[in-house]
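The values are calculated or read from the model by the stated rules, or taken from the named source; none is laboratory data. What you are looking at is a predicted structure, and each value in this text was computed from that prediction instead of being measured. Glycine gets a Cβ as well: all are built from the backbone with ideal geometry, and neighbour counts include every protein chain shown.
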Amino acid sequence: MGTEQNKEIARRFVEAINAQDGAELEAVAAGELAAYGRETLLPWLYATFPDHHMTITDMIAEGDQVVARLQTSGGHGAEWRGIPATDRHFTNTGVYFMRVDNGKVVELDSLFDDLNLVDQLGGTFTLPTD
């Protein structure tokens with residue numbers, strides 16, 4: 001598949017997460033990755049951040065690699081990283097690094113600004129003393 005087709009698969013992947021659509025996620029993600037999202041990520045994500053939404057703000061692709069810069073937003077409805085639910089609304093940024101093979105996302109890595117999110121939710125970090 002070409003880079004434009006791979007970018008379309010990446011768009012569908014993000015849209016499936018936004019829609020909490022396990023069937024679409026299965027259609028665009030490889031077996032274990034689809035199962036992980038359907039069985040673990042989606043229930044956890046939407047229990048913790050009930051109105052979570054990602055918007056792709058930029059995307060580049062080369063070969064089978066796709067990188068999507070994301071704007072995320074939502075509310076904080078359940079404990080996350082030791083921070084009890086605050087019901088605060090947040091906006092954040094992040095990146096998905098994806099590898100697409102035969103029309104499916106087969107590898108996914110992500111990087112989000114967790115420090116910014118912790119700050120918006122009123123949490124703190126404690127640095128180790130050693």
Open item on the list: Condition check: more than 16 Å from N102 (Cβ to Cβ), surrounded by 14 or more Cβ atoms within 10 Å (Cβ to Cβ) and of a type in the set (V, I, T). Does T57 satisfy that?
Closed with: no
Task: Which numbered condition D51 misses (of (1) surrounded by fewer than 18 Cβ atoms within 10 Å (Cβ to Cβ); (2) part of a helix (DSSP H, G or I); (3) in contact (Cβ under 8 Å) with a residue 12 or more places away in the chain; (4) of a type in the set (D, E, K, R)) - done: (2)
Open item on the list: Looking at the structure I just gave you, is A47 farther than 30 Å from L127 by Cα, at pLDDT below 95, over 13 Å from the mean Cα position of the chain (by Cα) and of a type in the set (G, A, S)?
Closed with: no
TODO: Look at the range 96-113 and say how many of its residues are surrounded by 15 or more Cβ atoms within 10 Å (Cβ to Cβ) and without any contact (Cβ under 8 Å) to a residue 40 or more places away in the chain.
DONE: 1
Open item on the list: Scan the range 77-93 and tell me whether some residue there is β-branched (V, I, T) and out of contact with any strand residue (DSSP E or B) (no Cβ under 9 Å at 6 or more places or on another chain).
Closed with: yes
Task: Number of positions in the range 60-82 that are part of a strand (DSSP E or B), at pLDDT 95 or above and either buried (at least 17 other Cβ atoms within 10 Å of the Cβ) or out of contact with any helix residue (DSSP H, G or I) (no Cβ under 7 Å at 6 or more places or on another chain) (or both) - done: 13
Open item on the list: What are the pairs with Cβ atoms under 7 angstrom where one residue, in the range 1-26, is on the phi > 0 side of the Ramachandran plot and the other, located anywhere, is part of a helix (DSSP H, G or I)? Sequence gap at least six, or different chains.
Closed with: Q20/L42; Q20/Y46
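Checking the condition farther than 14 Å from A10 by Cβ, in a strand (DSSP E or B) and among the aromatic types (F, W, Y), which residue from F90, F97 passes?
Details: F97 fails: farther than 14 Å from A10 by Cβ.
Checking each option against the conditions leaves just F90.
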Task: Members of the range 61-77 that are among the aliphatic types (A, V, I, L, M) and under 17 Å from the mean Cα position of the chain (by Cα) - done: V66, V67, A68, L70
Open item on the list: Based on this model, can you work out whether V14 counts as hydrophobic (A, V, I, L, M, F, W, C) and either modelled with pLDDT under 90 or in a strand (DSSP E or B) (or both)?
Closed with: no
Open item on the list: As an exercise: evaluate N116 against (1) surrounded by 15 or more Cβ atoms within 10 Å (Cβ to Cβ); (2) outside any loop (DSSP other than H, G, I, E, B); (3) among the polar types (S, T, N, Q) and give the number of the one condition it does not meet.
Closed with: (1)
